[in-house]
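Each reported figure results from applying straightforward, stated rules to the coordinates on display, with no laboratory input. Just so we're clear, the structure is a prediction, and the values are computed from it rather than from any experiment. Cβ coordinates were reconstructed from backbone atoms using ideal geometry, including for glycine residues, and neighbour counts include every protein chain displayed.
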Amino acid sequence: MATTTIQQFCRRILEGGTLADKQCGDAGAADEVAGVIDVAVAARTGVLQMIDGAERLPALCELHRDDARVACLSRFAHHEMMAIELFAWALLRFPTAPPALRRGLWAALVEEQTHLGLYLERLAAHGAALGDVPLSGYFWKLVPAIRSAAEPLKAFLCAQGLTLEQANLDFTMLFRDAFALGGDAESAAVMQRVHDDEIGHVRLARTWLCKGLDPSSDDVDVDAYQRHVPFPLSAARAKGRRFEAGARRRAGLSESFIALVRDARPYGQRL
Ligand SMILES: [Fe+2]
Ligand SMILES: [Fe+2]
């Protein structure tokens, strides 16, 4: 039988271990919802298998060197692969989520596949491929906390959209400029493309986290985020070294939420 529904595509993404499995999909796929499926961890074959921990990324000033570019492009490509898998996990785990939210999650997944393809092209341009550098499975370590949260769908939106993807609004701009300074305008353009799309992914999470809550309150997203973000994530993890307030405003985050993230300090860090 041909693979045609969102559920079938998501099962292949999670249960198949190859690059082709991760890139399968169809933006117009039908959403025939069945029961809850909770996949423990994504299948991976060969060099795509995940390890614990990760090497430090090269310094921004080192991106004139091919090996430094490959280390960064590999990391970012793998983040996209894990984002694809986590959206697939959510689509299987939350079959009764509102249809409009499921359409948004599926659209985001398909955009992550585009991002993965763009990074793979940049790796190939440097004579490299995904898996040449070991791949850290960090995002998947967050799933048990999402699964055991009081409201797992809201915990997912807080973890994926409002922490990991919000932080990527900063990392993409930081590395766009570093790639450009290092002489790699093509990779810089990919960072800009990913940044622009991520604004929509953050907006999707914020919109559905706050659905049904009082829209007149400027703190509505702050309160919901703090209630549902799964440990060990927090506002301190929702940003990079460079803070892009404008992108957050375009994603619809309130001024209170932007200030919360901007001023957040990691656990245990003194003033
Ligand atoms: Fe992405
Ligand atoms: Fe994204």
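Close amide-amide hydrogen proximity is noted between residue 135 and 51, each under 5 Å apart and 5 or more residues distant or on a separate chain (H modeled in the peptide plane; Pro and chain starts excluded). Extending 7 Å from the Cα toward the beta-carbon at both residue 174 and residue 262 defines two label points whose distance is 1.8 nm. Charge dipole of the chain (Cα centre as origin; +1 on each Lys and Arg Cβ, -1 on each Asp and Glu Cβ, all else neutral): 520 debye, rounded to the nearest 20. Entry note, the chain: the mean residue ellipticity at 222 nm calculated from DSSP H runs of n ≥ 4, each adding -39500 (n - 2.57), is -17000 deg cm²/dmol after division by the residues and rounding to the nearest 500. Hydrodynamic estimate: the Kirkwood radius of region 117-271 over Cα pairs, inserted into Stokes-Einstein at 25 °C and 0.890 mPa s, corresponds to D of 147 µm²/s. Overall, the ratio between the Cα radius of gyration of region 21-66 and 2.2 N^0.38 Å, rounded to two decimals, is 1.94. Largest mean-square fluctuation among 101, 14, 86, in a Gaussian network model of the chain whose springs join Cα atoms under 10 Å apart, belongs to 101.
Across 97, 107, 188, mean-square fluctuation computed from a Gaussian network of the chain (C-alpha pairs under 10 Å connected) peaks at 97. Note on the chain: GNM, Cα springs under 10 Å; of 34, 88, 68, the largest mean-square fluctuation is that of 34. Straight-line reach from residue 154: taking Cα to Cα under 18 Å and skipping same-chain neighbours fewer than 8 places apart, the aspartates and glutamates in range are 38, 85, 165, 214, 219, 221, 223.
Taking every full run of DSSP H in the chain, the ones that stretch at least 30 Å from end to end by Cα along their long axis and average -0.5 or higher on the Kyte-Doolittle scale are 66-93, 99-125, 185-209. Normalised radius of gyration (Cα atoms, divided by 2.2 N^0.38 Å) for region 1-99: 1.30. A DSSP coil position with no more than 13 other Cβ atoms inside 10 Å describes the following trypsin sites (Lys or Arg not before Pro) in region 62-113: 65. Farthest toward the positive end of the dipole of region 6-263, out of 232, 127, 117, is the Cα of 232, where the dipole comes from beta carbon charges about the Cα centre. Pairs of Cα atoms nearer than 8 Å and 6+ residues apart set the relative contact order; for the chain it is 18 percent.
Computed from backbone phi with θ = phi - 60° and the Karplus coefficients 6.51, -1.76 and 1.60, the 3J(HN,Hα) list for region 148-162 is 8, 5, 4, 10, x, 5, 5, 4, 4, 4, 5, 6, 6, x, 9 Hz; x is used for glycine and proline.
For region 6-263, the direction-averaged projected area of the alpha-carbon convex hull comes to 12.9 nm².
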